[in-house]
Amino acid sequence: MDVNAIRTYAKGHVPGTIHKLLQRIFFRDEYAEAKDLYNFLRQLYREPQMYANDVARYQRDMLDELLEYAGVHCPYYRHVFASHDVRGIEGFGRVPLLSKSDVRANAAALCSDRIKKEKVFRFNTGGSTGEPMAFYASRRAGAIDGEHQHFAFELAGYVPGDRILAFDGTQISERHFKRGIYWLRKSSLDLPYGKYHLSSHHFSSQTADRYIDFFLRIRPQFLRGYPSFITQFVRELRKQRVSVPFRIKAIQLTAEQVFDWQVDEIRRAFDCKVLRQYGHSEMCVFAFTAPDDSKYCCSPVYGVTEVLHSNGKHVDVGQVGEIVVTGLHNRGMPLIRYKTGDEAVYGGTCNGFTIFREILGRNQDYVLDASGNCVSVTGIVFGQHFHAFEHIQKWQMLQTIPGRVCLKVVKAGSYSDKDEAEIRQRFTVGQNLDVKIEYVAEIPPTSRGKHRFVINTCIEGLA
């Protein structure tokens, strides 16, 4: 039986824990390399000056290798490099910026013609700018991402045995939420994402008791997830005057823009460290903060990070620009100089780390359900993977009346009735929302040339 056959059998016939173990056996080289990078990152962070030259050399060598590989094995880059005279690392700055539209239009040509199918896995992403897409990531990149998550939790004081509870957009089946079950056990392991996941889809003043009871029963040492969701949870704890009878070591806020008022409110509630983390499913950038620090450090062994003006020039320290990233480890579908659509205040570089003083432009939008409860758009859209993402060019959500949302959708040629049915199901089941889908030819950008995914006239002064 070959690797693909074993993986298919394992996925359908054995428990998840054994499946994960088999994955680690089949891809042991990838996991070994990821562990080596984890150890290197720890050393670099603890003694940055000692290893600054080593990390600069590592990043340069990896980038040079990536450019050479992509230019030979990825048809898209083979054409682009030839037309822009990109020869080795010195031509990196001449590589045209890669947009989400470019990825959607050239997905097959961006993929390597060499990497084996069992070495990659497929993702769909909703895209915080409203432009969904599908892409492929290598097992190597996935393993390295996991070890970076490990590093971030260790920075917050994690030790084996600590329990991590995730607050995210986990999808709950209709059968479960009708029984008042708004959580899932997704893994036998707490690292890197948490063993148990609470769903933001169904949290409200009416369901808060169930969430709080589960939280108190699980007794986690760490929380991670959407700042909007965790803030709502904290407010319900305060409203119900719930005293937490155990210690929370730290909370990691991720997947949305983080506001200082949220950090203050969460810290007051739990009297613990609060950290921030920034990254993408595309696995091109991993940024983290030290406990109770708002400065983001981008891992130099994960990817190359630029902050650029609209004219393509790098911004100066203190200026705002778009975050443009290059993943160093995904050979399945390399993304080189990929435009994230997010903006940051550039803080310079320090011992190999690119610094963000602040990250701007992440979506942290809500809609109101028919009862007036806030529903996180991150949970509905960006916390899960729609099959329909592949068949949508662009979309936008509008709300003027609580309980009703209008989705404007620019269809791709492959869009079908099945995609519409999926969208309606995801937006309505358990959400107390009525959704209208309007198909349009185009969605105009803002005056700054950006696309707003959510326009909501119902919500004012949430903070």
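The values are calculated or read from the model by the stated rules, or taken from the named source; none is laboratory data. Here the structure is a predicted model, which is why all the values come from computation and not from measurement. As a convention, Cβ positions derive from the backbone with ideal geometry for all residues, glycine included, and neighbour counts pool all protein chains shown. Just the protein is used for accessible areas: all its heavy atoms, side chains included, with ligands, DNA and RNA removed. Shrake-Rupley method; radii C 1.70, N 1.55, O 1.52, S 1.80 Å.
Of these, Gln252, Gln240, Gln277, which one is of a type in the set (S, T, N, Q), over 22 Å from Thr170 (Cα atoms) and touching a helix residue (DSSP H, G or I) at 6+ places or on another chain (Cβ under 8 Å)?
Going through Gln252, Gln240, Gln277 in turn, just one is of a type in the set (S, T, N, Q), over 22 Å from Thr170 (Cα atoms) and touching a helix residue (DSSP H, G or I) at 6+ places or on another chain (Cβ under 8 Å): Gln240.
A count restricted to the range 86-99 and to residues that are open to solvent by less than 70 Å² (accessible area, probe 1.4 Å) and charged (D, E, K, R) stands at 0.
Restricting the range 297-311 to residues that are of a type in the set (Gly, Ala, Ser) and modelled with pLDDT of 95 or more leaves a set whose member that is farthest from Asp54 (Cα to Cα) is Gly303. Could we say that Leu184 is touching a His at 6+ places or on another chain (Cβ under 6 Å), of a type in the set (A, V, I, L, M, F, W, C) and farther than 24 Å from Val375 by Cβ here? Taking the combined requirement at face value, the residue does not satisfy it.
Can you tell me which residue is modelled with the lowest pLDDT among those in the range 184-194 that are closer than 26 Å to Gln431 by Cβ and either open to solvent by less than 30 Å² (accessible area, probe 1.4 Å) or polar (S, T, N, Q) (or both)?
Initial filter on the range 184-194 (closer than 26 Å to Gln431 by Cβ): 184-187, 193-194.
Then drop every residue that is not either open to solvent by less than 30 Å² (accessible area, probe 1.4 Å) or polar (S, T, N, Q) (or both), which leaves 187, 194.
Numbers: Ser187: 88, Gly194: 94.
This residue is Ser187.
Within the range 46-83, the set of residues being touching a Ser or Thr at 6+ places or on another chain (Cβ under 9 Å), closer than 21 Å to Asp145 by Cβ and either open to solvent by 80 Å² or more (accessible area, probe 1.4 Å) or not hydrophobic (A, V, I, L, M, F, W, C) (or both) comprises just one member, Tyr69.
Restricting attention to the range 409-434, the residues being in a helix (DSSP H, G or I), among the small types (Gly, Ala, Ser) and in contact (Cβ under 8 Å) with a residue 60 or more places away in the chain number 0.
Kindly state which strands (runs of 3 or more DSSP E) lie completely within the range 100-172 and contain at least 3 residues that are in contact with a strand residue (DSSP E or B) (Cβ under 7 Å, 6 or more places away or on another chain) and open to solvent by less than 20 Å² (accessible area, probe 1.4 Å).
133-138, 164-168
Does the range 213-236 hold any residues that are in contact with a Ser or Thr (Cβ under 9 Å, 6 or more places away or on another chain) and either open to solvent by less than 10 Å² (accessible area, probe 1.4 Å) or over 14 Å from Ala269 (Cβ atoms) (or both), and which are they? Answer for the range 213-236, where residues must be in contact with a Ser or Thr (Cβ under 9 Å, 6 or more places away or on another chain) and either open to solvent by less than 10 Å² (accessible area, probe 1.4 Å) or over 14 Å from Ala269 (Cβ atoms) (or both): Arg224, Gly225, Tyr226, Pro227, Ser228, Phe229. Among (1) modelled with pLDDT of 90 or more; (2) buried (at least 20 other Cβ atoms within 10 Å of the Cβ); (3) closer than 26 Å to Gln149 by Cβ; (4) not polar (S, T, N, Q), where does Gly347 come up short? That leaves (2) as the condition not met.
The strands (runs of 3 or more DSSP E) located wholly in the range 266-330 that include 1 or more residues which are touching a residue at least 40 places away in the same chain (Cβ under 8 Å) and open to solvent by 40 Å² or more (accessible area, probe 1.4 Å) occupy 273-279, 320-327. If I filter the range 244-261 for residues that are in a helix (DSSP H, G or I), without any contact (Cβ under 8 Å) to a residue 40 or more places away in the chain, open to solvent by less than 50 Å² (accessible area, probe 1.4 Å) and not aliphatic (A, V, I, L, M), do I get at least one hit? Scanning the range 244-261, I find no residue that is in a helix (DSSP H, G or I), without any contact (Cβ under 8 Å) to a residue 40 or more places away in the chain, open to solvent by less than 50 Å² (accessible area, probe 1.4 Å) and not aliphatic (A, V, I, L, M), so the answer is no.
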